[in-house]
1. Within the set of pairs 6 or more residues apart or between chains, which connect a residue that is without any contact (Cβ under 8 Å) to a residue 24 or more places away in the chain and over 20 Å from residue 81 (Cα atoms) inside segment 26-53 to a residue that is more than 13 Å from ligand 2 (Cβ to nearest atom) and not in a loop (DSSP other than H, G, I, E, B) with Cβ atoms less than 9 Å apart?
2. Can you give me the number of residues within segment 34-67 that are farther than 18 Å from residue 92 by Cβ and out of contact with any strand residue (DSSP E or B) (no Cβ under 9 Å at 6 or more places or on another chain)?
3. If you check residue 175 against the conditions, is it in contact (Cβ under 8 Å) with a residue 12 or more places away in the chain, within 16 Å of ligand 1 (Cβ to nearest atom) and either under 30 Å from residue 206 (Cα atoms) or in contact with a strand residue (DSSP E or B) (Cβ under 6 Å, 6 or more places away or on another chain) (or both)?
4. Quick check on this structure: which one of 195, 169 is within 11 Å of the chain's Cα centre (by Cα), within 16 Å of ligand 2 (Cβ to nearest atom) and either over 27 Å from residue 56 (Cα atoms) or at pLDDT 95 or above (or both)?
5. Look at segment 14-35 and say how many of its residues are surrounded by 16 or more Cβ atoms within 10 Å (Cβ to Cβ), more than 16 Å from ligand 2 (Cβ to nearest atom) and not in a loop (DSSP other than H, G, I, E, B).
6. Only one of (1) crowded, with 22+ Cβ neighbours inside 10 Å; (2) part of a helix (DSSP H, G or I); (3) within 16 Å of ligand 1 (Cβ to nearest atom) is not met by residue 150, so which one is it?
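The values are calculated or read from the model by the stated rules, or taken from the named source; none is laboratory data. Just so you know, these numbers come straight off a predicted model, no measurement behind them. No Cβ is skipped: glycine too gets one built from the backbone with ideal geometry, and neighbour counts run over all protein chains shown.
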Ligand SMILES: Nc1ncnc2c1ncn2[C@@H]1O[C@H](COP(=O)(O)OP(=O)(O)O)[C@@H](O)[C@H]1O
Ligand SMILES: [Mg+2]
């Protein structure tokens with residue numbers, strides 16, 4: 001393990017030469033899977049150059065928002081987002097994020113899944129009923145799992161506009177990770193998620209304590225780091241969302257016309 005000149009140890013995430021080994025073809029932007037030569041490290045790499053411009057996110061870069069979201073997840077102490085950095089890669093600067101190994105064919109429903117309407121599994125919450133392409137009624141459900149709940153609270157703070165089912169990964173290490181935070185942290189309300197199962201329910205004291213500490217830390221060094229990727233208005237809005245959660249510690253209910261991302265996975 002190398003030590004960088006700022007004293008942070010680095011197993012290659014920050015500095016190793018990356019080789020592209022594949023592309024995620026379902027992705028909306030250029031999303032590449034890379035390995036670090038000799039370091040046994042696998043990462044996701046999204047070059048800034050591969051970003052499709054979005055009219056409603058004109059400031060900064062999607063890669064920068066991914067890094068800012070990671071910094072928030074770390075500062076609050078929840079570790080929901082795999083380590084993410086902004087660095088050079090084979091196609092120029094981009095975001096580089098640790099790859100999370102998941103069980104391929106785990107038995108039972110996924111953390112977020114579609115099931116027949118009369119078969120919502122034990123320990124799951126129903127979000128929505130719809131018809132599948134064959135015209136059969138199905139339920140969009142997610143696990144009533146504290147690891148996923150914490151991710152849902154983080155999404156409220158991040159103002160995540162794109163929490164799809166496929167963006168919640170259960171790692172082989174037993175932790176639940178969130179990925180794809182390119183359209184987070186806008187200053188205007190944009191929460192769009194599949195995790196509405198806790199809407200209107202109280203947020204527990206443990207999470208509120210973490211949010212309290214986070215809000216206090218924001219004007220300091222954390223805010224300075226976020227300012228590399230976000231506008232001042234966006235950082236203020238993050239603080240406002242944190243304070244609003246402390247004043248009314250309840251999971252929001254969907255209010256927008258399109259509260260669920262499409263496609264949902
Ligand atoms: N860090 C990661 N570890 C493991 N799989 C990942 C990771 N990041 C993305 N993926 C997989 O790649 C897919 C596409 O990545 P995503 O971040 O959603 O790209 P895009 O921004 O192009 O939509 C995800 O749905 C997930 O299955
Ligand atoms: Mg995606």
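1. 37/18; 37/19
2. The number of residues fulfilling the criteria is 9.
3. Yes: the conditions hold for residue 175.
4. After ruling out the rest, the residue left standing is 169.
5. 3
6. The one condition residue 150 does not meet is (3).
The rows are residues; the columns are (1) surrounded by fewer than 22 Cβ atoms within 10 Å (Cβ to Cβ); (2) under 29 Å from residue 29 (Cα atoms); (3) in contact (Cβ under 8 Å) with a residue 40 or more places away in the chain; (4) more than 14 Å from ligand 1 (Cβ to nearest atom).
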position: 146; (1), (2), (3), (4): yes, no, no, yes
position: 154; (1), (2), (3), (4): no, yes, yes, yes
position: 170; (1), (2), (3), (4): yes, yes, yes, no
position: 185; (1), (2), (3), (4): no, yes, yes, yes
position: 200; (1), (2), (3), (4): yes, no, yes, yes
position: 217; (1), (2), (3), (4): yes, no, yes, yes
position: 223; (1), (2), (3), (4): yes, yes, no, yes
position: 233; (1), (2), (3), (4): yes, yes, yes, yes
